[in-house]
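Below: one structure, written as structure tokens.
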Amino acid sequence: MALDLLPLLSTFAIVALAEFGDKTQIAVVSLSAKHRPRSVFIGALLAFALVDGVSALIGGAIAPFIPAFWIGLVAGISFLIFGAFTLFSKEDTIVKIKEHSKTVTTSFFLIAVMELGDKTQLAVIALSAEYGAPIQVFLGVMLAFTLLTALGAVFGKIISRSISARYIKVGASLIFVVFGVLFLFEAFSGVKLL
């Protein structure tokens with residue numbers, strides 16, 4: 001019995017192209033600039049596995065029952081909170097949060113919230129339904145996210161070596177606030193920007 005690689009390969013290509021430079025990759029870069037890249041990588045991959053794994057298995061059965069408004073509202077408020085916390089926390093606190101479990105947990109929740117309702121999640125649902133091969137679709141999406149997350153983590157570490165922690169803190173908080181505002185705009189206007 002031959003394994004059909006088309007669902008895996010097409011999912012990998014679609015996700016890798018769609019997510020390159022996307023908000024989740026920017027979040028991985030920002031987190032990796034402040035925290036241990038390995039911990040960020042683990043947390044982000046666990047989030048991708050959960051959100052996109054469920055999407056692949058469900059194949060769109062539950063998506064019509066979760067209004068986009070609520071997803072956007074929760075994501076927007078979460079990002080505003082992340083931005084405020086990052087900006088107003090003491091410099092030492094940001095730098096000292098290097099405990100593996102805290103960084104993994106923070107990365108997991110941030111990326112999971114970002115992925116809910118994202119174009120990748122919708123693409124995974126559609127590809128799973130189209131191909132009828134949720135396992136191959138899941139493997140394709142995880143391969144793409146593994147590559148992109150590793151690149152983001154490495155880039156974040158490079159940035160942290162060459163840019164002051166103060167500028168990283170302000171930049172990361174601005175990124176979170178901008179995405180929070182965009183998510184809230186999407187929720188209340190119904191216009192999809194991200």
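The values are calculated or read from the model by the stated rules, or taken from the named source; none is laboratory data. Source: prediction; values computed, not measured. Every residue, glycine as well, gets a Cβ built from its backbone with ideal geometry; the counts of neighbours run over all protein chains shown. Just so you know, the surface numbers come from the protein's heavy atoms only, side chains and all, with ligands and any DNA or RNA stripped out. Shrake-Rupley method; radii C 1.70, N 1.55, O 1.52, S 1.80 Å.
Within segment 102-140, being open to solvent by less than 20 Å² (accessible area, probe 1.4 Å) and free of Cβ contacts under 8 Å to residues at least 60 places away in the same chain holds for one residue alone: G117. Within segment 108-123, the residues that satisfy the criterion of being at pLDDT 85 or above and within 8 Å of the chain's Cα centre (by Cα) are I111, A112. If only residues of segment 46-76 that are open to solvent by less than 30 Å² (accessible area, probe 1.4 Å) and at pLDDT 90 or above are counted, the one that is farthest from F12 (Cα to Cα) is A47. Considering (1) within 15 Å of S10 (Cα to Cα); (2) aliphatic (A, V, I, L, M); (3) surrounded by 16 or more Cβ atoms within 10 Å (Cβ to Cβ), the lone condition that A153 does not fulfil carries the number (1).
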